[in-house]
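Quick notes on the structure that follows.
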Amino acid sequence: MEYPTLSGFPNPGESGKIYVASGSNKLYRWSGTTYIEVSPMGYVPTLYPKVKILDYTQDATNYILRVSSTQSAPVNGYIGPFFEVVIHSASLKAQNISIVEDSVNQFTYSSTAYQNLGRVTSILIPKASNTSPAWNNDIVGIMVILLGVDSADGGASSPFNPRRLAVDMDLIGNIKPKQSQLVSGVNIKTVNGQSLIGSGDVTVGSTGSSTVGDIKSSLVTSDHSGWVKLDGRLISSLTSSQQTAANTLGFTVNIPDATNSVLMQNGGTLGGVTGSNTKTIAVENLPTDAITTSNEGDHFHETGEEGRYYDNPDFKTIGDSLVRHYTLNQNSNVSGGSTDAVKTSANGSHSHTIQLNNASQAGLDVTPKSLSVNMFIYLGL
C-alpha cells in the first residue's frame with residue numbers, strides 16, 4: 001500500500017503488509033504498535049572532503065607543506081585526516097611524514113546528522129628521509145592527497161564506495177611564500193639610492209661610491225668600469241656619456257695628460273697641468289755676496305822680466321820677503337837684466353774678482369723619486 005508520507009499511513013496498520021512512503025521512497029511494516037522502516041541499507045548521504053595547498057617552506061630539518069582541508073561525515077565516522085605527499089613525474093612519495101595541527105584554525109560545526117570539519121595542517125617532510133634535490137626545485141610539481149577520513153586506517157576499510165579522498169597539486173615555485181610588502185632598502189635592493197620597484201629604467205650614474213670627477217691611481221693599464229686613463233686623448237674619442245661628463249668638468253678638447261705629473265692643490269685651473277720637471281739656474285739665482293779671502297789666504301805673486309827665460313827655481317830671502325829665485329836660461333839669446341825672478345810679499349786679506357761663464361746652461365732634473373702608476377678619472381660608462 002502506498003501513501004505520500006509516513007504520517008498518512010493508517011493507524012493502526014495491518015500486519016503482513018508493506019507500506020510505501022512515496023515522498024521518501026521508504027518501506028515500512030506495522031509491528032502491532034508502530035511502523036518500522038524496512039528499506040534496504042542504501043548509500044549514506046555524505047560530502048567528499050576537499051584539500052588545498054597553502055604554502056611550502058622549509059627549516060633546517062624539514063620541508064613544510066601547509067594545507068587546509070574540509071570534510072563532512074556522519075557523526076561518529078570522523079577519525080582524523082591522513083595525508084600522502086608526492087612530487088615529480090617519477091612519483092617520489094614523501095617518507096616518514098608527520099603532521100602538526102593548527103590549534104587556532106580548527107573548526108567543527110555539527111548539524112543533526114553530520115559533522116562539518118575544517119582545519120589547517122602542517123605536513124612535516126624530514127630532509128633526512130627525503131634527499132632528492134627535487135624537493136627544493138621550483139619547477140617541480142607537488143601533490144597532496146587527503147585520504148578517506150572514514151576510518152582509523154585512513155579509509156582503507158571505509159564503508160563508503162567509492163572511498164572518499166581529495167587531491168591538490170601545484171608547482172613548488174608557485175607555493176613558496178611571497179613577500180607581503182616590498183620596502184625599498186629593506187627587502188628589496190636599491191641601485192645608487194634608487195629603488196627597483198616600479199616601471200621604467202634605473203639610471204646608473206656611477207659604480208659603487210665613485211663620482212664623476214674622482215681621480216685614482218692604479219696598476220691597471222687601461223680604461224675600466226667607467227674609469228678613463230689620463231693620457232691626454234681627445235674627448236671626442238670617449239663615449240657620448242663620458243664626453244658629457246668631461247664637459248661638465250671643464251674639459252673641451254682633450255682630457256688631462258698625467259704623464260710625469262704629480263697631483264697638487266695649487267689653486268690653478270682644475271685639471272690643468274703646469275710646471276716643469278727641470279730647473280735652469282740663472283745668474284740672478286746666484287748669491288750676491290763679494291768673496292774676500294781671510295788671513296789664512298796669505299800667498300805670493302810672481303813676476304819675471306819680459307823676454308827672459310828662467311828655469312831651475314829655488315827660494316831665497318830678500319829683505320822681509322821670501323822670493324822664488326830663477327836662474328836665467330843661458331841658452332836664451334836675450335841678454336841683460338837680472339837673473340832673479342821677483343815674488344811679492346804676503347799681503348794677507350784681499351779681494352778677487354770672479355768672472356761667471358756666460359755660456360748657455362743645461363737644465364737640472366728635479367723629478368723626485370717615484371713609483372710608476374697610471375692615473376684615471378671617473379667619467380662613467
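Label-to-label distance, residue 98 versus residue 138, with points set 7 angstrom from Cα along the beta-carbon direction: 3.1 nm. Put simply, the amide H of residue 58, placed in the peptide plane, has neighbours under 5 Å in 64, leaving out anything fewer than 5 places away on its chain. Placing a pseudo-label 7 Å from each Cα along the Cα-to-Cβ vector at residue 171 and residue 20 gives an inter-label distance of 5.8 nm. The candidates 219, 249, arranged from most to least accessible area with a 1.4 Å probe in the full protein assembly, appear as 219, 249. Of 372, 69, the residue with the largest accessible area leads and the full order is 372, 69 (1.4 Å probe). Taking 37, 284, 84 and ordering them by how much accessible surface each has at a 1.4 Å probe, largest first, produces 284, 37, 84. Rolling a 1.4 Å probe over the protein heavy atoms leaves residue 29 with an accessible area of roughly 100 Å².
The values are calculated or read from the model by the stated rules, or taken from the named source; none is laboratory data. All of these numbers come straight from a predicted model, not from anything done at the bench. Neighbour counts are summed over all protein chains in view; Cβ atoms, including those assigned to glycine, are modelled from backbone coordinates with ideal geometry. Surface areas here come from the heavy atoms of the whole protein model, side chains and all, with no ligands, DNA or RNA. Shrake-Rupley method; radii C 1.70, N 1.55, O 1.52, S 1.80 Å.
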